[in-house]
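The values are calculated or read from the model by the stated rules, or taken from the named source; none is laboratory data. None of the values given here were measured: they were computed from a predicted structure. Neighbour counts run over all protein chains shown; Cβ positions are idealised from the backbone, glycine included.
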Amino acid sequence: MSIYGNVGPNHGPYSVSLTYSPDDGNYTTGEGDYSYGLPQETLFNASFTFNRTKVLLFHAANINASRATILILKNHPEKQGDSVSIDYSVTSRYVTDPTPIQSSFPV
């Protein structure tokens with residue numbers, strides 16, 4: 001899972017939390033399984049001298065595709081006007097098939 005967005009002088013701190021959903025399916029409690037190895041909230045900063053778009057703001061790999069996942073991105077402005085802007089996100093799933101491929105050609 002990758003989140004891309006803007007950086008620049010009017011952008012600032014933000015946090016990301018990534019959890020598996022609670023077993024009871026209640027997403028509003030904030031209680032989840034934090035087994036990704038991230039703290040409940042990890043701080044980042046989108047402040048940069050120049051404006052840039054489509055910059056990687058967050059990336060996580062090895063997400064368990066069999067469980068619902070919650071990603072929360074929060075703005076933490078240090079000064080008035082600081083923001084965090086998301087351009088797009090990419091979610092990929094890589095599947096490996098352990099079944100060997102059968103050939104119809106004689107060996």
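At a glance:
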item: Residue among T53, T42, T19 that alone is at pLDDT 90 or above and of a type outside the set (A, V, I, L, M, F, W, C); result: T53
item: Residue list for region 53-79, filter: surrounded by 12 or more Cβ atoms within 10 Å (Cβ to Cβ) and of a type in the set (S, T, N, Q); result: T69, N75
item: Where a residue in region 72-96 is at pLDDT below 90 and its partner, wherever it lies, is in a loop (DSSP other than H, G, I, E, B) and loosely packed, with under 14 Cβ neighbours inside 10 Å, with Cβ under 8 Å and at least six apart; result: R93/A65
